[in-house]
Amino acid sequence: MIRYEAFTKRYGGVEAVSGLDLGVASGETVALIGPNGSGKTTTLKAALGLVRPTSGRVLVAGRDTVADGRAARAVIGYLPQRLSFPDGCTARQVLSFYARLRGATGDEVDRLLARVGLEEAADRAADGYSGGMRQRLGLAVALLGRPKALVLDEPTASLDPSGALVVRDLVRSIRAEGTTVLLSSHDLGEVAALADRVAIFVTGRLAAVGTPRELARAHGLAVSDMEGVYRAVVAMAAERAA
């Protein structure tokens, strides 16, 4: 569903992502983890056509995100790390606005408000929402048009435990329906709970990729010890770079 082929992105003299080859199969959930500045957000934005490759290419549902960007974007939804909604607009107004852009119906607006648990707060101004409610509204926007794939950038960042659990449950229900999910996260417990495979980035390079079980076995660790896996992969990447 999403494929990076020798994807490289440079900003001036800085190589943010180098020669990335990574595929995300239809219905699969892949989590990107790594230190700040390791290339995760650049990789996510490339799938959306928001970042153009310096070299290589990115495909979504077989469509090149540069050469056939409109068709690629039509099948993908996006939840950014930082959400911004127009001041004073209600959740229903926000969702209705984006529905018109995506060619979705009023019935879908009502369905999604119910799905993310905002039907009772739909006519309240979204700028008064809690962080968790804002993330749920952002997910509703991302789900407009029934996309085949979702890109989620730190979906539970800055949320309290209750808000994070609600958002994770929503992501689980989305992936259970067969939607492809590509997400980034700094929460290793979240990654272990949500991802079919984990891709670990270090200084713009893919240092390791596999299921949590495969990665743990490769380092002689318990499958639940994602923290240990992460430490081991980052340490090995540092040794290779030295």
Legend entry - Neighbour-limited loop hits for GluC sites (Glu not before Pro), the stretch 136-228 (at most 14 other Cβ within 10 Å; DSSP other than H, G, I, E, B): 177
Legend entry - Degrees separating the helix 91-102 axis from the principal Cα axis of the chain, which is the longest one: 70
Inset, instruction - Measure nothing fancy, just the Cα-based angle from helix 226-241's long axis to the longest principal axis of the chain, in degrees from 0 to 90, nearest 10. - result: 50
Legend entry - Distance from the stretch 112-151 to the stretch 1-55 (C-alpha centre basis), Å: 26
Legend entry - Compactness of the stretch 83-146 as Cα Rg over 2.2 N^0.38 Å, two decimals: 0.96
Inset, instruction - On a 0 to 90° scale, report how tilted helix 106-115 is relative to the longest principal axis of the chain, with both axes built from alpha carbons and the result rounded to the nearest 10. - result: 60
Inset, instruction - Using 0.36 nm per residue of separation minus the Cα-Cα distance, give me the extension gain between residue 240 and residue 176 in nm, one decimal. - result: 19.2 nm
Inset, instruction - Report the longest stretch of the chain that contains none of the trypsin sites (Lys or Arg not before Pro) sitting in a DSSP loop with at most 16 other Cβ atoms within 10 Å. - result: 125-242
Inset, instruction - Enumerate the whole-percent occupancy of each 5 Å bin, from 0 to the last occupied one, for all C-alpha pair distances of the chain. - result: 1, 7, 14, 17, 19, 16, 12, 8, 4, 2, 0, 0
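Values in this text are rule-based calculations from the coordinates and carry no lab data. Small disclaimer: the values here were computed from a predicted structure and weren't measured. Cβ atoms come from the backbone with ideal geometry, glycine included; neighbour counts cover every protein chain shown.
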